[in-house]
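Q: Can you keep this structure in mind? I'll have questions shortly.
Please treat every number below as a calculation from the coordinates, not as lab data. Everything numeric in this text was worked out from a predicted model, so none of it was measured. A quick note on method: Cβ atoms are made from the backbone with ideal geometry, for glycine too, and the neighbour counts reach across all protein chains shown.
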Amino acid sequence: MIFDFGYLALVLSLVLCAFGMAAGFWGGQLESRAFYPGSAARKLGPDTAKQFSAPWSERLTDSSFHSVYAVCGLVSVAAVILWYGLLTDQFQLSYIWNSSERSLPTFYKFAAIWGGQAGSLLFWTLLLSLFSTAAALTFRNKHRYLMPFVNATLLATLLFFLTLLVFSANPFEQIGIVPSDGRGLNPLLQNYWMVIHPVMLYLGWVGLTVPFAFAVAALLSKRLDRRWVRTVRRWTLIPWMFLSAGIIMGSQWAYMELGWGGYWAWDPVENASFLPWLTATAFLHSVIIQEQRGILKVWNVTLIWLTFTLVILGTFTTRSGILSSVHSFAQSPVGPYFLVFLAVTTVGFLLLLYQRIPYLQGENEIDSISSREGAFLANNWLFAGIAFVVLWGTFYPMFSEILTGERIAVAAPWFNRVAGPLFLLLFVLMGVGPLLGWRRTGAKALRRQFTWPVAAALVSVPFLLLTSRNVFPVVGFSTCIFVAATIVQEFVRGTIARRKSRGELLPAALWGLMRRNGRRYGGYVIHFGIVLIGVAIIGNEFYQSTTHVTLASGASVDLAGYTLTYTDLESERRSNHTEIRANISVNDSATGRFLSEIVPRRNIYDKAPDQPTSEVGLRMTPAEDVYVILNGWEGDGSSATFTVYINPLTMWMWVGGLFVVLGTAVSVWPHPRPARTPRAVNSPFRESAPAGQAPA
């Protein structure tokens, strides 16, 4: 009975979504007609027009807000009911029977809601309803002319997902009997990172619907000044932070669980999460130009739409079965729904954008390529180029099958070869852009800004050549050093300037600098995190060592300065699987000094004995990882087969991810309003007008 109530809650949510969407669009139109020149109501005069539209527009707008709250409540009830079924082993539900079992640990039962098709769609809908409610509550008394359209757009998106849940992927579908046990969760999902990694990705993906809703609202209401852009920037940064964390966590899961020695394989589902990250990052840079100079308005609106479209396209990719991936769900009937939704939103948005082009004319022009806006524009071109390369490579197998009848896969080397140079140029611009002034930068300012970073990069080259004669890692590392030097230079100059002007100690000056100019210096922290990720990628890509070996008990293998000795094999019974562990000691090859013991494992699950999973043995240090995979064994473990990797600098990828999250938190945190005092336009010591933004 309770599960019938869960389904009824979804049906009621769908009805309320349709009503609230219509109320929002209608109420917004009445507001626009009353307060904009050229409308029928405007001709009545301002006071008469307001009286004419106020009763209906206010009631309809209030109805859209109430619909958002009600839908959130009903969807939350449905999600809680499904969680109740998962935690209490209600196997009469088809979804729970397919995604859980009695012996499954409790935290995996909780996470099983996003482990299958229907449950993950319900979880997506829940998060979207929560984001919609948060936006409605935050701006209930602000942006009066935007919020009816914002509510309507959010409810329209919710309507689509609720349509899937009600008509195609019902999580409360019952199978008519009560089985004694379930089929179990996919073994690959029974990893601690899978408890949090999908949540971060969903918070990122779903949260990016809010800036899209504001963009649609601005176009519909014709209120396309800079105010909506400032609002959208923060509501883009927060989901961007979650998406960044989700991508890093997914890389950690692949690194630890899949057992292939790497963290990123350009898999279609990996790319599906990366594509909206690229366009959202481009928007976060280009929107600074619109705030500062009033240009790139059409491009910014287009980037928001592209980001939302790529989110929906990525969701379609993982759920339609058109591309094969270890991450994707089984083929299901939801694919056509996604195609229709993509077509409707694409055609509708582009028509609306075409009609609003006259309202999106730029207020200025880019005066010089040696300006911050010129660098940011080049940055956007590179982001767009990388996104196109990733999109084309991801869907090329599908296109090749349609055109030739043969599915031709595009592997990681192609992506690295084509996208790698674009990323290198992007890194260069990441260091160059913040050092340039608005409008143009003179020769003297260029020398002052770039002398030390360029010198640091050039000095590093001879030392880098001692590690490798390959030009690519040398160029890559020297570029990372250049960008890091520009970041350190900005912190040093800003801190010294504040210390001199305020008489503060250096730690207090640094803290005050970041607190007062969080947007600028939070961005630098993010850039530093990206530099660390770049260092890890270069080290892993060009300096990795590997061997595949079979060892008898007590035998050893030497690799890259380490001696690994296989000791023995042991097994242990867990709640729903058997764990096979190999004990390996790691010693320094030169001195024989014992360093650590690592334990690679294989998990054999009761419900899926033909799908054993690898849990790698790992010794992680700042310099390199010793990474061991247990591939197989003979009988009682008298010998075993291993794959061993020495992965240089990989730890800095995870550290870099932490810096990205920390920098984003600094950027979005409320900061005190800076004092307005005259300063030189291109001074590197400005505090009230940070690089890339207008004074608060």
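Q: Given an 8 Å cut-off on Cα distances and at least 6 residues of separation, report the relative contact order of segment 45-188 as a percent.
A: Numbers: 147 pairs, mean separation 54.8, N = 144.
Computed value for segment 45-188: 38 percent relative contact order.
Q: Additional query: Using the charge dipole of the chain (Lys, Arg: +1 at Cβ; Asp, Glu: -1 at Cβ; taken about the Cα centre), state which of Pro333, Trp511, Gly431 has its Cα farthest towards the positive end.
A: Toward the positive end, the furthest listed residue is Trp511.
Q: Could you tell me which trypsin sites (Lys or Arg not before Pro) in segment 506-593 are loop residues by DSSP with no more than 11 other beta carbons within 10 angstrom of their beta carbon?
A: The qualifying sites are Arg593.
Q: Quick check on packing: order 425-432, 139-146 by the mean number of other C-beta atoms within 10 Å, highest mean leading.
A: Highest to lowest by the protection proxy: 425-432, 139-146.
Q: If you don't mind, there's one more thing I want to ask. When the helices in the chain are scored as -39500 (n - 2.57) per DSSP H run of 4 or longer and the sum is shared across all residues, what 222 nm value do you end up with, to the nearest 500 deg cm²/dmol?
A: -21500 deg cm²/dmol, from helical runs alone.
Q: Suppose each label sits 7 Å from its Cα in the direction of the beta carbon; what would the Ser571-Glu365 distance come out to in nanometres?
A: That separation, rounded to one decimal, is 7.7 nm.
Q: Checking a compactness column here: for segment 404-474, what do you get for Rg(Cα) / (2.2 N^0.38 Å), N being the number of residues?
A: Working it through for segment 404-474, the quotient is 1.65.
Q: Which of the peptides 359-367, 125-133, 151-159 is most tightly packed, and how do the rest follow, going by the mean number of other Cβ atoms within 10 Å of each residue?
A: The densest-packed peptide leads the list: 151-159, 125-133, 359-367.
Q: Assigning unit charges at the beta carbon (Lys, Arg +1; Asp, Glu -1) and nothing else, what dipole magnitude in debye, to the nearest 20, does the chain show about its Cα centre? Mind dumping the intermediate values first?
A: Numbers: 52 positive and 38 negative charges, 852 e Å.
Once rounded to the nearest 20, the dipole reads 4100 debye.
Q: Given Cα pairs under 8 Å that are at least 6 residues apart, what percent is the relative contact order of segment 543-651?
A: Values: 275 pairs, mean separation 29.1, N = 109.
The value is 27 percent.
Q: By per-residue mean of other Cβ atoms within 10 Å, what is the highest-first order of 539-545, 235-241? Can you show the working numbers first?
A: Values: 539-545: 18.1, 235-241: 23.3.
By packing density, highest mean first, the sequence is 235-241, 539-545.
Q: If you don't mind, there's one more thing I want to ask. In nm, give the distance between the simple-model label positions of Asp606 and Ala665, each being 7 Å from the Cα along the Cα-to-Cβ direction.
A: Spacing of the two 7 Å Cα→Cβ label points: 4.0 nm.
Q: Give me the dipole magnitude in Debye, nearest 20, for segment 543-651 about the Cα centre, with unit charges on the beta carbon: positive for Lys and Arg, negative for Asp and Glu.
A: For this selection, approximately 160 debye.
Q: Just subtract the alpha-carbon distance of Ser168 and Thr451 from 0.36 nm times their residue separation and send over the number in nm, one decimal.
A: Result for the pair: 95.7 nm of gain on full extension.
Q: Calculate, for Thr546 and Leu458, the FRET efficiency according to 1/(1 + (r/R0)^6) with r their C-beta to C-beta distance and R0 45 Å; round to the nearest 0.05.
A: Calculated value: 0.85.
Q: So for the pair Arg515, Arg144, with labels modelled 7 Å out along Cα→Cβ, what separation do we get in nm?
A: 3.7 nm
Q: How big is the chain on each of its three principal axes, counting only the C-alpha atoms and giving the largest first in Å?
A: Each principal axis gives a Cα extent; for the chain these are 93, 77, 57 Å.
Q: Rounded to the nearest Å, what's the spacing between the alpha carbon centres of segment 342-416 and segment 588-642? Just the number, please.
A: Centre-to-centre (Cα) distance: 42 Å.
Q: Using 1/(1 + (r/R0)^6) with R0 = 35 angstrom and r between the beta carbons of Arg226 and Val195, what's the FRET efficiency to the nearest 0.05? Intermediate values should be presented prior to the final figure.
A: Numbers: r = 41 Å, r/R0 = 1.17.
For Arg226 and Val195, the calculated efficiency is 0.30.
Q: Another question, if that's okay. Kindly state, to the nearest 0.05, the FRET efficiency for Ala134 paired with Arg493, given R0 = 51 Å and r defined as their beta-carbon distance.
A: Numbers: r = 38 Å, r/R0 = 0.74.
Rounded to the nearest 0.05, the efficiency is 0.85.
Q: Return a single number: how many Lys pairs in the chain, at a sequence separation of 8 or more or on separate chains, have alpha-carbon atoms below 25 angstrom apart.
A: Summing the qualifying lysine pairs gives 8.
Q: So what is the relative contact order for the chain, in percent, with contacts set as C-alpha pairs under 8 Å and at least six apart?
A: In percent, rounded to a whole number, it is 11.
Q: Is any residue of segment 183-203 close enough, with backbone N under 15 Å, to a label point placed 7 angstrom from the Cα of Glu579 along the Cα-Cβ axis, and if so, which?
A: 190-193
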